[in-house]
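Working notes for the structure below.
Laboratory data are not the source of any read-out in this text; all were calculated from the coordinates shown. All values reported here derive from a predicted model rather than from experimental measurement. Heads up, the Cβs are rebuilt from the backbone with ideal geometry, glycines too, and the neighbour counts pull from every protein chain shown.
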């Protein structure tokens, strides 16, 4: 990996129709690290991710991929550099795992060019890395939620991009499968230097897996930096409107957020 | 959809103060009276005030008075059928918790059409009385079929699934109608006049025939109003509120289907009245079915009669049937409702 | 990502799986194509009178065979060519819409694309007393305009949502169908018969002259559609996934709609809106093909097969000569029930 790709947002404003969702956002994604975006519901996290992956045009400002406005780069070229796993991708009925993962090769194939040995190799690699090789001939419909999510990750891996954006890759998974998917993404980052950007709901998992944590509040950047710098009691209160206590995680030393309900505030203060 | 019907009309508050509803109801009554008067007045021969009054009184000394007398049953039929369609739409939208429920969209009309054709061709039926029975049966079968099929699977009866099931059913039944009629020119003749919805052929005898059904349907619908209010919150909540959900839904649905079946039987397929009226009335009266149902009756009566008058005025000597007018007015309204909804709710 | 070691077993699994899928695709398409050719050929030989293959070949080569020249050359051949092309076009367009909208019920005939053509044709026949060719031209134009209107009305906030497109199409179709009934109600008995036949869809008036626009449309548009299939396949994974894979989603969607609607329009103009061919072909082709790739081409082949077989059946099997649409409509009704139940239960697409 001679030089890593860079991705950043400059004075970015986004919205749907009349409604403005994100305003004047400056955000830089550190290359070859794991960035996690957190924030309350409807704060614009997913919108930001869509804009960073050129799915949503900017109203003002721009998203810059390697210093160039992402909307001016041919979309196929972007797809060879940057992969995105949206929140709810759709698996065609009956499609097999290896077929679905093969769909990730789309940006590497021309309209007329045939499927090559490179494509097969990329699919095989993606299956191996995600531990889904033994599912290759199964239908995606039959898989469990965790397996299915790993297959989708394999699909974006087959795309062979150095940047990987994931919108809530752990939703609808139980805690075991959440950890499984996050471990897999960490492997990708550590072993291959893949830059990862993802939206997560669970603050504690976010703190544990992120190298770089971004907190969004009301469509604006609240704080960004190392988890232990960002995830403070004040931050959680401001961003989520939640009374809380932050203690060091006994296993990793990273911040651990303990929510305080109305009935527990007094005990905590004591 | 649960949330949509219950919450969507938030823009015009959930509970309307009673005066607004009363005033709205009175206003609608005035509109109905005005439209009815217009229906007696206008046509190939426009009549003056004196003749109008005399004609209603039963006099037929002048042509004008005779024209009025002839227009009385037509007007009454328009009012009654319109009211039935309006109520039927309100009830069906409530039962299915679906803002797009309408006899035309749900394929109920095509069920009635096919039944009438089968009755004409294979059972040798030829009188209005018998048409009514088979049309009602056909409407009911189609309604149940479309609803059951549309509510299978994830998410229950979403507007999209119901509308698609209804549209596809309409196409299928339409193909069967052509298959039966094509080699039979004679039947095709009589059917096409039935097929196009209108109240021009209204007579006291046809009104008398359907009136019992309409009254029964109306009573059932009114009796279901309270249950429909609970159903609007979703089945689980309705059960929690002590509602016997399946029975309430069945009774209300029977009321709705009887109303639109009987209306279709006398007036032919008329689309979009059942769709448009409840939405407009909701703007006026909020979402309480105890108000929504009676006001929809008034609104439906006004709309269909107005469409009938308009068809007479626009068409000149060859009047345009009310069903055409309502479709041309109603389809844009349907599109407006679709565009207004969030995609997720569809 | 270059340092990864490859497990040979995985790559073998991937390669053999892909080869298996490719083989199946090939077998199904070739098999369907052969079936279409066989039925096409039989429909030239068989009928009220039987002509041996040698006569048929002679006629096709331009020879003059007593009786066969008229029956085969003037009646059966144009009819079979039209049936084949109409079915092919309907099948392609239907599966394209169903795949794109991810709903097996959302074929162009159900969501109102052909309703514009029907309304125009009825007006052309009954009100304007146009010639068949002029009716065809008007129907084509009307189908295109209707589809464009549906697309525009579904456009909101920079995109077209599938659900909105379907529902608005249904609303427009309901409106246009009442226009059709209105025009029919004022018609003279004989014209009414003509119009009803047109509305059901039939191949009776098939001539080369009337079919020529369809021939041109298929030759020009089918390759474009096949060229778009790769992007359409990516769009089956959802609009966002497809966009992330580098598919220009909205542009592809517009192109697909334009091509499919045009195929639909020209086919409708040539033979009327033959009920359910567009609707039935996609799901059946998808069943035959299995989940190994795009069902669009297979659907086109199946559509051709369906129209040819149904037309033969409609002409000779029932005593009266029915329009082909009666048969496909009657087949469609029970299949519709099956499809509704099945697709709604699984919540799935094609």
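Between residue B:122 and residue A:262, the distance separating the two model label sites (each 7 Å from Cα on the Cα→Cβ line) works out to 6.6 nm.
Would you kindly state how much longer the chain becomes between residue C:38 and residue C:53 on full extension, computed as 0.36 nm times their sequence separation minus their alpha carbon distance, in nm to one decimal?
Fully extending the segment from residue C:38 to residue C:53 adds 4.2 nm.
The distance linking segment B:203-246 with segment A:231-246 is 52 Å (Cα centroid to Cα centroid, whole angstrom).
Put simply, segment C:156-286 fits an ellipsoid with semi-axes of 33, 20, 12 Å; these come from the alpha carbon gyration tensor as the roots of five times its eigenvalues, largest first.
Hey, with R₀ at 56 Å, roughly what FRET efficiency would residue C:66 and residue A:138 work out to, going by the Cβ-Cβ distance, to 0.05? Between residue C:66 and residue A:138 the formula returns 0.35. Looking at the protein assembly as shown only, what percent of DSSP beta bridges run antiparallel? Nearest 5 please. Antiparallel: roughly 60 percent of the beta bridges in the protein assembly as shown.
The alpha carbons of segment A:7-269 give a radius of gyration and a Dmax of 19.2, 68 Å, in that order. Under 17 Å from a label point 7 Å along Cα→Cβ of residue C:23: give me every residue in segment C:270-310 with its amide N that close. Only C:289-293 fall inside the zone, counting backbone N under 17 Å.
Among A:201, A:106, A:71, the largest mean-square fluctuation in a Gaussian network model of chain A, built with springs joining Cα atoms closer than 10 Å, belongs to A:106. When the P(r) of the protein assembly as shown is calculated, the portion above 45 Å amounts to 40% of the C-alpha pairs. Would you mind checking the tilt of helix C:113-122 against the longest principal axis of the Cα atoms of chain C, expressed as 0 to 90 degrees and rounded to 10? For C:113-122 against chain C, the angle is about 10 degrees.
Which whole-number percent is the relative contact order of segment C:48-346 (Cα, under 8 Å, 6+ apart)?
About 31 percent, as a whole number.
Note on residue B:280 and residue B:20: with the Förster distance fixed at 25 Å, the Cβ-Cβ geometry gives a FRET efficiency of about 0.95. Between segment A:54-94 and segment A:147-176, the alpha-carbon centres lie 16 Å apart.
Evaluate the Kirkwood expression for the hydrodynamic radius of segment C:48-346, namely the inverse of the mean inverse distance over all pairs of different C-alpha atoms, and round to one decimal in Å. When all Cα pairs of segment C:48-346 are included, the Kirkwood radius is 19.7 Å. With neighbours defined as other Cβ atoms within 10 Å of a residue's Cβ, the residues B:289, A:108 order from fewest to most as A:108, B:289. Projected label points at residue A:249 and residue A:88, each 7 Å from Cα along the beta carbon direction, are separated by 2.9 nanometres. With neighbours defined as other Cβ atoms within 10 Å of a residue's Cβ, the residues B:290, C:76, C:23 order from fewest to most as C:23, B:290, C:76. Kindly list the residues of segment A:212-237 that lie in the label zone of residue A:33, defined by a backbone N under 12 Å from the point 7 Å along the Cα-to-C-beta vector. Only A:212-214, A:224-230 fall inside the zone, counting backbone N under 12 Å. Counted residue by residue at 0.36 nm each, then reduced by the alpha carbon distance between them, the extension gain from residue C:45 to residue C:287 reaches 84.0 nm.
Take the Cα of residue B:244, step 7 Å toward its Cβ, do the same at residue B:62, and the gap between the two points is 6.0 nm.
In plain terms, the residue of B:334, B:191 with the fewest other Cβ atoms within 10 Å comes first and the most crowded comes last, giving B:191, B:334.
First measure r as the distance between the Cβ atoms of residue B:290 and residue C:149, then evaluate 1/(1 + (r/R0)^6) with R0 = 45 Å and state the FRET efficiency to the nearest 0.05. Working from the Cβ atoms, E equals 0.70.
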